[in-house]
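Asks: Provided herewith is a single structure, encoded as structure tokens, for subsequent inquiry.
The values are calculated or read from the model by the stated rules, or taken from the named source; none is laboratory data. Keep in mind that this is a model prediction, so the values were computed, not measured. Glycine gets a Cβ as well: all are built from the backbone with ideal geometry, and neighbour counts include every protein chain shown. The area values use the complete protein model at the heavy-atom level, side chains included, leaving out ligands, DNA and RNA. Shrake-Rupley method; radii C 1.70, N 1.55, O 1.52, S 1.80 Å.
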Amino acid sequence: ITSLQNAILALRISIYPRSLIFRSRSMKQVKSCGFILFRGDRSNPPQSFLLMKHRERYDLPKGHIEPGESNLECALRETTEETGIPASAVQIEPDFQYRSVYYPQYARFNDQTVEKTLIIFLAWVDRHVAITTTEHLGYEWIDWHPPHQIQPQTIDPLLAEVKTYFGD
């Protein structure tokens, strides 16, 4: 091991728990793609964004990528499946893409820890777009008044990046 590799390893150990650095080669990798959707259009300041309601938490319209699918195709498919909003009604911001990697436990994999990559695009939808929930208890348009404290692992860091993108 070179001195550069030792320095990188020392930095990683100081940032991440040891169990995450020395993960086994068999750790499952999962990718999920979706959107943060704002009402209106880019010509006006953002007013509200969409979150999907679970029993005990909020989430974005997002889901797992399918074989042969691009990140954007996955995000559009999942948004349509979870909200009923057709891809044709989504006005995508071409210069924004949020990416995060974290290590949750997945019930579908017997509560094993997985390496999850989250890719989120930003888009606008018409103020009066109809939403039909299929996989969630409901939805809510959240007023855009950063900083937000909604979900510290994934949503809050995304919203901080969106705030920077908007120049708020």
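Asks: Scan (1) in a helix (DSSP H, G or I); (2) closer than 27 Å to Q29 by Cα; (3) open to solvent by 50 Å² or more (accessible area, probe 1.4 Å); (4) out of contact with any Gly (no Cβ under 8 Å at 6 or more places or on another chain) for the single condition K163 breaks and write down its number.
Replies: (2)
Asks: Restricting the search to region 56-84, which residues are touching a strand residue (DSSP E or B) at 6+ places or on another chain (Cβ under 9 Å) and of a type in the set (V, I, T)? Reasoning before the result, please.
Replies: The initial filter retains those residues of region 56-84 that are touching a strand residue (DSSP E or B) at 6+ places or on another chain (Cβ under 9 Å), namely 58-65, 69-79, 81-83.
Matches in region 56-84: I65, T79, T83.
Asks: Can you name the number of the only condition in (1) part of a strand (DSSP E or B); (2) open to solvent by 50 Å² or more (accessible area, probe 1.4 Å); (3) in contact (Cβ under 8 Å) with a residue 40 or more places away in the chain; (4) β-branched (V, I, T) that T132 fails?
Replies: Among (1) part of a strand (DSSP E or B); (2) open to solvent by 50 Å² or more (accessible area, probe 1.4 Å); (3) in contact (Cβ under 8 Å) with a residue 40 or more places away in the chain; (4) β-branched (V, I, T), the lone unmet condition for T132 is (1).
Asks: Just one of (1) free of Cβ contacts under 8 Å to residues at least 60 places away in the same chain; (2) within 20 Å of T154 (Cα to Cα); (3) crowded, with 16+ Cβ neighbours inside 10 Å trips up L60, so point out which.
Replies: Of everything listed in (1) free of Cβ contacts under 8 Å to residues at least 60 places away in the same chain; (2) within 20 Å of T154 (Cα to Cα); (3) crowded, with 16+ Cβ neighbours inside 10 Å, L60 misses just condition (1).
Asks: Hey, can you tell me all the residues within region 135-148 that are within 17 Å of P61 (Cα to Cα), open to solvent by less than 50 Å² (accessible area, probe 1.4 Å) and assigned to a loop (DSSP other than H, G, I, E, B)?
Replies: H136
Asks: Of all residues in region 74-97, which are outside any strand (DSSP E or B), touching a helix residue (DSSP H, G or I) at 6+ places or on another chain (Cβ under 9 Å) and surrounded by fewer than 17 Cβ atoms within 10 Å (Cβ to Cβ)?
Replies: P86, A87 - these are the residues of region 74-97 that are outside any strand (DSSP E or B), touching a helix residue (DSSP H, G or I) at 6+ places or on another chain (Cβ under 9 Å) and surrounded by fewer than 17 Cβ atoms within 10 Å (Cβ to Cβ).
Asks: Also, I was wondering about something else. If I filter region 98-110 for residues that are open to solvent by 30 Å² or more (accessible area, probe 1.4 Å), of a type in the set (S, T, N, Q) and touching a Ser or Thr at 6+ places or on another chain (Cβ under 6 Å), do I get at least one hit?
Replies: Checked against the condition, which is being open to solvent by 30 Å² or more (accessible area, probe 1.4 Å), of a type in the set (S, T, N, Q) and touching a Ser or Thr at 6+ places or on another chain (Cβ under 6 Å), region 98-110 yields at least one hit.
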